[in-house]
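Structure, as structure tokens:
The values are calculated or read from the model by the stated rules, or taken from the named source; none is laboratory data. What you see is a predicted model; the values in this text were computed from it and never measured. Glycine also receives a Cβ, built like all others from the backbone with ideal geometry; neighbour counts cover every protein chain displayed.
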Amino acid sequence: MRELLNHYIDGQWVPSEGGRRYEVINPATEEACAAITLGSDADVNKAVAAAKRAFASYSRTTLAERTALLGRIIEEYKKRIPDFARVIAEEMGAPISFAGTAQTGAGLGYMLGTLEAAEDFEWEEPIKGANARIVYEPVGVVVAITPWNWPLNQICAKVAPCILAGNTVILKPSEECPSNAAIFAEVLDAAGVPPGVFNLVQGDGPGVGVALTKHVDVDMVSFTGSTRAGIQIAKNAADTVKRVHQELGGKSPNLVLEGADFAATLPGTLQGVIANTGQSCIAPTRILVPIARKAEAEAFVRDYFAAVKVGSPSDEGSHIGPLVNKAQWTKVQGLIEKSIEEGASLLQGGPGLPESVNRGYYIRPTVFADVTPDMTIFHEETFGPVATITTYDTLDEGIELANRTSYGLSATVTGDPAAAKDIVGQLRAGLVAVNQWGGVKGGSFGGYKQSGNGREGGRHGLKDFMEVKTIVNA
């Protein structure tokens, strides 16, 4: 079992001051695979003080210096991809093939995209008709709180623009999947990041998270996680009026158009419900289909999910693994059972473990039909390989159903791209994909409504980690 009991503060691995041991459970075996120390207020204070000291000098480095530093981080990151993949597979259940490609590749993509965005970024903008200009400057000390489901994706989406903008960072990763963050700290150390510019404090939300978000010397909090936690973080930050940047929950629709060629277009969007065992905030789980094609859609989606293989994260292949922990498994099982109670038609899967396993937090890939907007699963984020099918009579009704959610992180349209062109602008979401479900390097990522505020990735993601100053000359 790995023991990662120290924090990385001010360029050194240091023991916790008053923290407590926490064991990480492998969701495939239900046995401990790693141990960390959940940090204390004293650990938080040390990390914030180190970041504040480092900001004084790091914020004055040149863009060329910071660009070169991020380039070295990228090269060191590439060397550790096999190590990243192994611990992600063990701690959150992503199959090793997926962990070594999609999971690690997502983090790399964010760093490369940040470098590309900086090339075209206007760091100074003249103000028309005035002897004045707008300049972009670093925010200061930034806290990055990241989730377990796409851990490196979110770490890199926050740390890369911070490094490039001239900020200093304290990272608090999820305690459910912490080892990749420790390896990431080793990457930054090997790349020569100056002491205090990047700090890692392991911990949970009630302990380290609360202390960081309330800390008077923290200038900005960037959080990815649940809407419930995001609301609490905003409240914690309010007393010190620090900037709060959030990517929260989602309940994404997949609006299937009347003339869609199911065989050609549906697999590219259904994959979003299956990938990462459904543990993606943009998973397009609410499949909305024309009522005239109800039976055809139900058969296609049922057969697609029936073909999904479930297996061990340690095995190579295109199968899916378990959910991250027992609490998540219990939640998804509860939603499946609730959907049956509320009258949804079970087409595939259902409650209980898949037949191929007898332990671990595995879920049977599940499809429900006849799901109506008054059912719990139509509105509540599932975070598992569970799809629902809802019918609509007219396209206007389909668009209304797609937008009938308190979230607005992403939406998917399946069908003719020419027909989708008139629809994408009517969907209230920060990301709209046609015949696929993910974003693109260089694009911006973030939500409408209760899916958060601010953006990550590309030019907009870089700008969100900077202050804007107007300079006026006489």
Tell me which residues, restricted to region 464-474, are buried (at least 20 other Cβ atoms within 10 Å of the Cβ) and assigned to a strand (DSSP E or B). Met466
Within region 114-131, residues being touching a Leu at 6+ places or on another chain (Cβ under 8 Å) and either farther than 16 Å from Val468 by Cβ or charged (D, E, K, R) (or both) number 4
Go through region 349-361 residue by residue and tally those that are in contact (Cβ under 8 Å) with a residue 40 or more places away in the chain and either over 10 Å from Pro385 (Cβ atoms) or not assigned by TED's automatic domain parsing to the domain that holds Thr390 (or both). 6
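Residue-by-condition table, conditions (1) surrounded by 15 or more Cβ atoms within 10 Å (Cβ to Cβ); (2) more than 30 Å from Glu124 (Cβ to Cβ):
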| site | (1), (2) |
| --- | --- |
| Arg60 | no, no |
| Ile73 | yes, no |
| Glu76 | yes, yes |
| Lys79 | no, yes |
| Asp83 | yes, yes |
| Val87 | yes, yes |
| Met92 | yes, yes |
| Ser97 | yes, yes |
Considering only strands (runs of 3 or more DSSP E) wholly within region 380-463, the ones with at least 3 residues that are in contact (Cβ under 8 Å) with a residue 40 or more places away in the chain are 386-392, 410-414
Taking the criterion of being at pLDDT 95 or above, in a helix (DSSP H, G or I) and crowded, with 20+ Cβ neighbours inside 10 Å, would at least one residue in region 136-146 satisfy it? no
Qualifying positions in region 241-258 - in a loop (DSSP other than H, G, I, E, B) and either of a type in the set (Asp, Glu) or touching a helix residue (DSSP H, G or I) at 6+ places or on another chain (Cβ under 7 Å) (or both): Leu248, Gly249, Lys251, Leu257, Glu258
From Ala35, Ala54, Ala64, Ala28, grab the single residue that is among the hydrophobic types (A, V, I, L, M, F, W, C) and closer than 17 Å to Val169 by Cα. Ala54
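To keep it simple, each residue is scored yes or no on (1) within 23 Å of Leu248 (Cβ to Cβ); (2) among the polar types (S, T, N, Q); (3) in contact with a Cys (Cβ under 9 Å, 6 or more places away or on another chain); (4) part of a strand (DSSP E or B).
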| site | (1), (2), (3), (4) |
| --- | --- |
| Glu125 | no, no, no, yes |
| Ala130 | no, no, no, no |
| Arg133 | no, no, no, yes |
| Cys156 | yes, no, no, no |
| Ala160 | yes, no, no, no |
| Leu171 | yes, no, no, yes |
| Cys177 | yes, no, no, no |
| Ala181 | yes, no, no, no |
| Gln202 | yes, yes, no, no |
What are the residues in region 337-374 that are farther than 15 Å from Pro253 by Cα, among the aliphatic types (A, V, I, L, M) and crowded, with 17+ Cβ neighbours inside 10 Å, if any? Ala344, Leu347, Leu353, Ile363
Report yes if some residue within region 307-328 is closer than 17 Å to Val367 by Cβ, among the charged types (D, E, K, R), crowded, with 18+ Cβ neighbours inside 10 Å and modelled with pLDDT of 95 or more; otherwise report no. no
From the list Thr277, Thr224, Thr213, Thr285, which one is under 21 Å from the mean Cα position of the chain (by Cα), touching a residue at least 12 places away in the same chain (Cβ under 8 Å) and on the phi > 0 side of the Ramachandran plot? Thr277
Residues in region 428-470 that are within 15 Å of Ser222 (Cβ to Cβ) and more than 15 Å from the chain's Cα centre (by Cα): how many? 7
Flagged pairs (Cβ under 9 angstrom, 6 or more apart or on separate chains; first in region 180-208, of a type in the set (D, E, K, R); second assigned to a helix (DSSP H, G or I)) are Glu186/Glu76; Glu186/Asp83; Asp189/Glu76
Of the residues Asn45, Asn26, which single one is crowded, with 18+ Cβ neighbours inside 10 Å, of a type in the set (S, T, N, Q) and not assigned by TED's automatic domain parsing to the domain that holds Pro322? Asn26
